[in-house]
Amino acid sequence: MLISYRKNLDRITFLSMMSFSVLPVLATIYQALAYGFSLQCLAIVISTQIMFIMDTVELNMRFYSQQAAYEKARYKAEHDGMTGLLNKEAGYKRMRKYFGLMDSYDEAMLMFVDIDDFKTINDTYGHTVGDFWIREVASQLRHIYWQDDIICRYGGDEFIALIRNTASEQVLETTLGMFFQQLARASEQRGQDVHCSVGVCRVAAIRISGNRDTSRNTDGENGEDTRGGVDFGQCVKQADLALYETKRFNKGTFNVYNYDRS
């Protein structure tokens with residue numbers, strides 16, 4: 001256990017604990033070879049070693065218990081209790097980090113997903129059914145998109161998702177088509193008219209001639225800055241406007257705004 005914890009202990013602590021374990025044993029062996037066995041000395045060494053082992057085991061269990069409690073607390077702080085998705089704060093933090101590292105060659109799609117007429121669903125079928133559809137939409141979004149994508153519950157019946165490393169309209173149409181189909185199938189099975197509207201902000205890559213130098217965020221031939229300058233807040237606003245337009249004119253579908261990187 002001491003060797004496995006070597007990286008977590010400073011040098012003095014590690015050597016002190018190792019000496020407490022090793023030196024009495026070596027001294028006992030030397031005494032036995034040079035002077036013969038001393039039952040009293042042997043009993044003291046064995047008892048101290050047992051105490052040391054028990055203390056080390058207890059310390060090990062306490063360490064793992066505290067670590068597990070910390071991980072559990074961190075998970076609860078970052079995740080929504082109903083859906084298991086990231087909450088808004090944790091999701092925004094990760095999305096901002098991704099946008100902050102984007103350059104002109106990177107691309108992404110930011111999506112707002114909203115359950116249409118959710119108040120009517122609660123009023124008609126009850127809040128238990130409303131909670132079911134929140135979990136169902138979250139589950140389908142998690143199933144369709146990759147683990148590398150960032151999906152969070154924005155609040156109430158709204159979700160926001162960052163689909164990374166693609167701005168392909170074909171990918172968008174295919175994945176959202178699957179999402180709408182699965183939601184329609186679940187809605188039909190339960191005999192309830194439930195559908196979602198989606199607003200998308202599409203951040204396409206800017207193609208610059210010349211060789212790419214990712215280590216310096218510059219265009220290799222011209223030495224131009226290739227950072228895209230993508231404003232996360234503006235992207236969220238455009239996705240929200242796209243969602244508003246969808247809900248106003250054509251619920252149950254999606255609408256796309258292209259982010260201007262010029």
When you count, for each residue, the other Cβ atoms within 10 Å and take the mean per peptide, how do 155-167, 102-114, 122-134, 49-61 rank with the highest first? 102-114, 155-167, 122-134, 49-61
Give me the distance in nm between label points sitting 7 Å out from Cα along the Cα-to-Cβ direction at Asp10 and Val171, one decimal. 4.8
How far is it, in nm, from the label point at Asp116 to the one at Lys88 when both lie 7 Å from their Cα along the line to the Cβ? 2.4
For the chain, calculated [θ]222 nm from helices alone, where every DSSP H run of n ≥ 4 adds -39500 (n - 2.57): -19000 deg cm²/dmol
How much length would be gained if the chain were fully extended between Gln234 and Tyr75, taking 0.36 nm per residue of separation minus their Cα-Cα distance, in nm to one decimal? 54.4 nm
Taking all protein chains as present, what is the carbon and sulfur share of the accessible area of the chain, in % to the nearest whole number, probe 1.4 Å? 54
GNM, the chain, Cα, under 10 Å: largest mean-square fluctuation among Cys152, Cys196, Cys41? Cys41
Take the cross-link list Lys93/Lys251; Lys76/Lys251; Lys97/Lys237; Lys72/Lys247 and give me the ones stretching past 27 Å between alpha-carbons. Lys93/Lys251; Lys76/Lys251; Lys72/Lys247
Averaged per residue, the 1.4 Å probe accessible area of the chain, protein heavy atoms only, in Å², is roughly 61
Relative contact order as a percentage, the chain, C-alpha pairs under 8 Å and 6+ apart, gives 20
Quick shape check on the chain: root eigenvalues a ≥ b ≥ c of the Cα gyration tensor, a/c under 1.5 is rounded, otherwise prolate if a/b tops b/c, else oblate, and it reads oblate
Taking R0 as 51 Å, what's the FRET efficiency between Met1 and Asn250 from their Cβ-Cβ distance, rounded to 0.05? 0.20
Taking only complete DSSP H runs, can you tell me which helices of the chain stretch 27 Å or more along their own long axis by Cα positions and average at least -1.0 on the Kyte-Doolittle scale? 11-35, 39-78, 169-190
For a Förster distance of 30 Å, can you work out the FRET efficiency between the beta-carbons of Val57 and Ile29, rounded to the nearest 0.05? 0.80
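The values are calculated or read from the model by the stated rules, or taken from the named source; none is laboratory data. Predicted model, so just to flag it, every value in this text is computed and none were measured. Please note: Cβ atoms are built from the backbone with ideal geometry, for glycine as well, and neighbour counts cover all protein chains shown. Surface areas here come from the heavy atoms of the whole protein model, side chains and all, with no ligands, DNA or RNA. Shrake-Rupley method; radii C 1.70, N 1.55, O 1.52, S 1.80 Å.
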